[in-house]
Structure formats: structure tokens, C-alpha cells
Amino acid sequence: MLRQRIITAAWLAPLMLAGLFGLSGGFFALFTAAIVLLAGWEWTNLAGIRRPDNRLMLVGVLGMAMLMLWLSGGALMAWPLWLGVAGWLANLYWVVHYPARGGKGQSSTRRLAMGVWVLLPAWVGLNVLRDTGAVWLLFVLLLVWCADIGAYFAGRAFGRRKLAPRVSPGKSWEGVAGGLVATAALALIFAAWQGLGLGGGLALLLATLVVTLVSVLGDLLESMLKRFRGIKDSSQLLPGHGGVLDRIDSLTAALPLFALLMLGVL
């Protein structure tokens, strides 16, 4: 398993870096759309859609929605971000009340609707951040990675109080605290690098802590859906790493909110 993980990472990491930071404009939009559509294919399975033709049709609908947003020239790019923020508030309710509200009561239609307000705003957020400058796209990617790494090590060393035992028994409040410490350090480093000053640095620090907490919800939501479906990974598209959603679940929650903050809307 470790050998397969290393092999996959060896070709995946350079491809992702080249696509995310070497492309711009329509090419970047197309590259990120491909990633999100693969995640959409996995989401249809999480929603309980089993027939491949139906799954392909639903992925096509998602693709058409992204195309229409792109052809709007940015005029319609703000509302999906708000949709994402509102949707994640609903997701929080279902995760907190799982399995009473997030389990048997979740129809395929509702889980498909979740996919719309999770995946579409994430794609818009990627493109908005790329347009504002690659440095802030880099920041949000590092934020999610640092949160995961900090949570992993703090959870292993100090984890006692379970965060959401019915959804993801391995996660702890101590792990969340470790993630917050790691991303706070990242924010301070970026604030100094970008010369944001005291006010700008404090604003970035506050935004970082909020987005870090939201990113945890992204991980929990996918865990809830996989638990409901009785599967370990969203797919086997990335041998040794599971599926695309397994790699971007936290990012889907962080992107819409951080993009709105960067636009100065919130």
C-alpha cells in the first residue's frame, strides 16, 4: 500500500502543481473543472446513484453549470460562493445531528443537492482565487494541508475528547486545536511575507482561524456520507489514496468562504 501511495504521489503532485500554478484563464478553469467533475462522479455514488448512465448524466449537468458560469464572464460568479456558505451551514446541521438527521432521512435527491452546493462553489472559489493572484491560491491550499498535518500530530499526541464520534471516531478536539495552531503560524508567515502590516496581519489571522474550522467540516461531511453508504473511500481513482473527494474534502469547504473574504464581500 505504501509503495502504491508513493507511486501515485510521484506523478500526481507535479501534475497538480503544474495545473494549479502553471495555467491561467480558460486553461485553468478547464483543468480545475476536470478535477471537480471527477469528484462529481464520486459524489453520485455517495448519493446512492448506482447506474453508470445516470451518474454520467448528472456529472454532465454539473459540467454544463460550470460552462454557463464561465461563459457569463464572471458576472454570475459571486452567487455560487454564497450558495456554498449557506449550504455548509446546512451541512453543519446534518453532521452535528447524524444519524438522526444526516442518516436514514437523507434521500438521494438531498445528497445530490449537497453535491451542487459543495462542488460548484469550490470550483468557482478556485477560479476567483487564481484571478486574485496565485499567492492566495497557494495560501488556501497550504492552510488546508497545515490544518490536516497539525490535527494529525496533535490528535495522535494529545487526542482525548472526540470531535464527532458518530461520524469520524478518529478525530478529536485536540486535533482541531493542533490544526488551528499550525494554520495560525502559516497566517503570520504569509502576513510578514506579503507586508500586510499589523491590521492586515490580524485580519488574515482571524480569517485563517475561521476558514480552518470550516475546513474540518468538509472532512466530516464526506466521512458522514461514506459512513452512510458503508464505504471506506470515495473511489479508487487514485490508487493508494482513495478518490478525488478523499483528497479535496476539506478544500471544498474552505474555498468558497476564503474566496468571499478575499473579494471583500464578508
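FYI, it's all coordinate maths here, none of it is from the lab. All values reported here derive from a predicted model rather than from experimental measurement. Note that each Cβ is placed from the backbone with ideal geometry, even for glycine, and that neighbours are counted across all protein chains shown.
Mind checking which aspartates and glutamates have their Cα closer than 19 Å to the Cα of K171? Skip sequence neighbours fewer than 8 apart in that chain.
In chain and number order, the partners are D148, D219, E222, D233, D246, D249.
With charges only on Cβ, +1 for K and R and -1 for D and E, what is the dipole size of the chain about its Cα centre, in debye, rounded to 20?
1020 debye
Relative contact order for the chain: what is it in percent, counting Cα pairs under 8 Å that are at least 6 residues apart?
This gives 25 percent for the chain.
For the charge dipole of the chain, defined by +1 on Lys and Arg C-beta atoms and -1 on Asp and Glu C-beta atoms about the Cα centroid, which residue among I35, G19, L245 has the Cα displaced farthest towards the positive pole?
Going by the charge dipole, the pick is L245.
Using mean Cβ contacts within 10 Å as the protection proxy, how do 164-176, 20-32 order, highest first?
164-176, 20-32
Choose one of M262, L119, L129: the residue whose Cα lies farthest towards the positive end of the charge dipole of region 2-263 (beta-carbon charges +1 Lys, Arg; -1 Asp, Glu; about the Cα centre).
Of the candidates, L119 comes out farthest on the positive side.
Just going by the charge dipole of region 2-263, with Lys and Arg at +1 and Asp and Glu at -1 on Cβ, which of A154, L46, A191 is farthest out on the positive end?
L46
Once amide H atoms are placed 1.01 Å from N in the peptide plane, what residues at a sequence separation of 5 or more from S172, or on another chain, have their amide H within under 5 Å of its amide H?
Result for S172 returns L163.
What share of Cα pairs, in percent, lie more than 28 angstrom apart in region 2-263?
Cα-Cα pairs of region 2-263 separated by over 28 Å account for 33 percent.
When a footprinting reagent is the concern and you count Cβ atoms within 10 Å, what order do W43, W145, W79 take, fewest first?
W79, W145, W43
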